[in-house]
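Asker: Before we start, here is the structure in question, set down as structure tokens.
Computed from the coordinates by the stated procedures, all read-outs in this text should not be read as laboratory data. As the structure is a computational prediction, the values presented were derived from the model and not from experiment. As a convention, Cβ positions derive from the backbone with ideal geometry for all residues, glycine included, and neighbour counts pool all protein chains shown.
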Amino acid sequence: MKKRIILGSASPRRSELLAQIGVEFEVRVSEKEEIYKSSIPEEIVKELSLMKAENVASELGEDIAYDPAGNTLDPDVCIKDTVVIGADTIVVLDDEILGKPVDEEDAVRMITRLQGREHWVYTGVAVLNFGPDGAKTVTNYPVGTKVYVNAMTEEEIRAYVETKDPLDKAGSYGIQGRFAAYIDRIDGDYYNVVGLPVSRVYQTLREIGAI
């Protein structure tokens, strides 16, 4: 039996990738703050993806503890036959995490640092699998891809930033958009750089019997 699958991410790119491989899912996003403790990129994305999934699951549990009228249900009510997926992506250059730019000049600064060099993109994935009795199992892993960016002129950098495409993206670029013109090559999973290693996620969902 297929399970209810929930993607705990507001990213339209992750939704597109999951839909692309034929997975039926819902989107739920938690606004709870996520603070990581690790200093190792692979561990950071594991922490953040797990927190996202756990936050969504906790809010989902709160929802099903009440009926539509707001009355409290049996305290034994729990999440059943449901899978919650959390994911988080970071861009790392010289051991520094490059997040989303605060403005256009910040985007120019980041891209200037990236051009002509290689960097790493890490995505953490957390899959919470709730069984028919509500018992939970957790799968949590990072996936890393090395990205090589060609040298760019200042005019090219500013023209790209003016498209507004980099303003909502870690590292100030999207590999699937106009910035593809400046990608020399990658070592690893392309879709991981977009935001979700969908093949690995699909294999995980299949292994736990969710699809």
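Asker: For the chain, what is the charge dipole size about the Cα centre, in debye to the nearest 20, if Lys and Arg each add +1 at the Cβ and Asp and Glu each add -1 at the Cβ?
Answerer: That gives the chain a dipole magnitude of about 640 debye.
Asker: So for the chain: antiparallel DSSP bridges make up what percent, rounded to the nearest 5?
Answerer: 85 percent
Asker: Any chance you could check the Cα centroid distance between the stretch 1-67 and the stretch 194-211 for me, in angstrom?
Answerer: Measuring centre to centre over Cα atoms gives 13 Å.
Asker: Taking R0 as 22 Å, what FRET efficiency do you get between Leu93 and Glu43 from their Cβ-Cβ distance, rounded to the nearest 0.05?
Answerer: My answer for the efficiency is 0.80.
Asker: Short version: ³J(HN,Hα) in whole Hz for each residue of the stretch 27-38, in order, from phi by Karplus 6.51 cos²θ - 1.76 cosθ + 1.60 (θ = phi - 60°), x for Gly and Pro, what are they?
Answerer: Calculated HN-Hα couplings, in order: 10, 10, 10, 9, 9, 5, 5, 10, 10, 9, 10, 6 Hz.
Asker: Candidates (i) 17.6, 53; (ii) 18.9, 63; (iii) 19.3, 74; which is the computed Rg and Dmax of the Cα atoms in Å?
Answerer: Answer by label: (ii).
Asker: Let me ask another. Can you show me the helix-derived [θ] at 222 nm for the chain, built from DSSP H runs with n ≥ 4 at -39,500 (n - 2.57) apiece and divided by the number of residues, rounded to the nearest 500.
Answerer: -10000 deg cm²/dmol
Asker: Right, next: What does the charge add up to near Arg206, with Lys and Arg as +1, Asp and Glu as -1, over the other residues with Cβ less than 13 Å from its Cβ?
Answerer: +2
Asker: For the stretch 144-155, take each phi angle, set θ = phi - 60°, evaluate the Karplus expression 6.51 cos²θ - 1.76 cosθ + 1.60, and give the result in whole Hz per residue in order, putting x for glycine and proline.
Answerer: Here the 3J(HN,Hα) series is x, 9, 8, 10, 10, 10, 5, 5, 10, 7, 4, 5 Hz.
Asker: Okay, moving on. Obtain the nm distance between the two label points defined at Thr112 and Ile186 by a simple spin-label model: each point lies 7 Å from its Cα along the Cα-to-C-beta direction.
Answerer: In this crude label model, Thr112 to Ile186 measures out at 2.7 nm.
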